[in-house]
Amino acid sequence: MGTTKKSSTTIIDAISQVLKNSKRPLTVNAIYDNIIANDYYKFKAQNPLNVMRVELRRHCQGVDFPTASKRKHFQILNDGTYCLIEYSSLYLKEDKKKSAIIADEKRLIEILKTTHTDYIKSFKIQLLEQLKDLDPLVFELFSKKLLKVYGFRDMKVTKPQKDGGIDGYGKLKVGISYLNVAFQCKRWKNTSIGRTEIDKFRGAIQGDFEQGIFITTSKFSKEALNATTKKGAVPIILIDGMMIIDIMIEKKFGIEIQDIPLYINALDSIWD
């Protein structure tokens with residue numbers, strides 16, 4: 001049974017009683033709930049919680065505003081809880097320690113994120129260099145398997161001596177239908193693919209295929225990128241080295257993933 005206080009008891013007295021009994025810092029809501037549960041004070045205001053909050057802050061060390069009281073009874077901690085001012089040095093020390101631990105955890109997480117980003121960049125570069133070292137014929141077979149994972153069906157690779165600028169072809173689903181698509185592969189190391197190569201490939205597939213895909217371990221020049229579409233001509237999709245790696249990662253093609261758990265403190269969520 002709660003103890004009923006005399007009418008002379010103030011809100012400050014009630015707050016102090018709650019904090020003294022709790023022997024630990026409390027939130028505004030926890031203080032208010034304790035006052036009501038133990039009948040420490042009879043609120044007559046329409047919004048008693050706000051009234052109590054204002055009084056608490058008026059008498060709180062380090063919280064200054066025009067109507068703040070010069071008499072300080074409480075201390076607010078970094079986590080938003082309140083304690084009696086006579087115990088503030090103890091709780092502030094603990095609060096500082098907790099804040100340091102939290103700050104260190106956040107710092108380590110940021111380091112992990114940055115390290116992971118750097119690792120991904122390095123991984124992509126190393127994988128691309130490995131592809132650039134493949135034999136051109138092996139790269140054609142690799143491209144066939146990659147396009148199959150990408151969604152191609154009925155894939156065929158042409159013979160090197162009779163490809164006519166086409167390394168392979170198949171059907172690719174676009175919308176609800178399958179298009180006849182040809183592809184060409186260039187396992188180049190540094191030289192960019194120019195407009196001339198794109199025009200030759202388009203000329204080789206024009207009339208027989210509805211779309212073309214040009215794959216290279218290198219890059220495409222600005223002119224080549226601007227030549228992907230041409231009025232009345234077959235559209236060409238360009239896939240450069242980094243796009244190859246992105247497809248491999250997305251489709252988990254030639255890629256294995258090792259999960260490293262990163263735990264985030266979400267203890268407060270269990271009270272929702």
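The packing ranking, built from the mean of other Cβ atoms within 10 Å per residue, places the peptides 121-133, 171-183 in the order 171-183, 121-133, highest first. Residues GLU105, GLU86, ranked from the fewest to the most other C-beta atoms within 10 Å, line up as GLU86, GLU105. Long hydrophobic helices in the chain, taken as whole DSSP H segments with a C-alpha length of 24 Å or more on their own axis and mean Kyte-Doolittle hydropathy at least -1.0: 88-132.
Against the empirical 2.2 N^0.38 Å scaling, what ratio does the C-alpha Rg of the stretch 11-93 come to? Let's see the in-between values first.
Working: Rg = 12.0 Å, N = 83, 2.2 N^0.38 = 11.8 Å.
In units of the 2.2 N^0.38 Å rule of thumb, it is 1.02.
Would you please state which residues of the stretch 230-272 a label at ILE111 would reach in this model, taking the label point 7 Å out along Cα→Cβ and a backbone N cut-off of under 18 Å? Under 18 Å, as judged by backbone N against the label point of ILE111, lie 261-265 of the stretch 230-272. Applying a DSSP loop filter and a limit of 14 other Cβ atoms within 10 Å to the trypsin sites (Lys or Arg not before Pro) in the stretch 199-272 leaves LYS230, LYS231, LYS252. Per residue of the chain, the DSSP helices (runs of n ≥ 4 H) give a summed -39500 (n - 2.57) that works out to -14500 deg cm²/dmol at 222 nm. Remark: C-alpha extents of the stretch 30-75 on the principal axes read 29, 20, 14 Å, sorted largest to smallest.
Would any residue of the stretch 205-224 have its amide N under 18 Å from a label point 7 Å out along Cα→Cβ of ASP133? List them or say none. Only 217-218 fall inside the zone, counting backbone N under 18 Å.
So for the chain, what percent of the C-alpha to C-alpha distances run longer than 24 Å? Working shown, then result.
Working: 24629 of 36856 pairs.
Summing the P(r) of the chain above 24 Å gives 67 percent of all pairs.
Every read-out reported here was derived from the displayed coordinates using simple, explicitly stated rules and does not represent laboratory data. Note that the structure is a prediction, hence the values are computed from the model and not measured. All Cβ positions, even for glycine, are placed from backbone atoms using ideal geometry, and neighbour counts span all protein chains on display.
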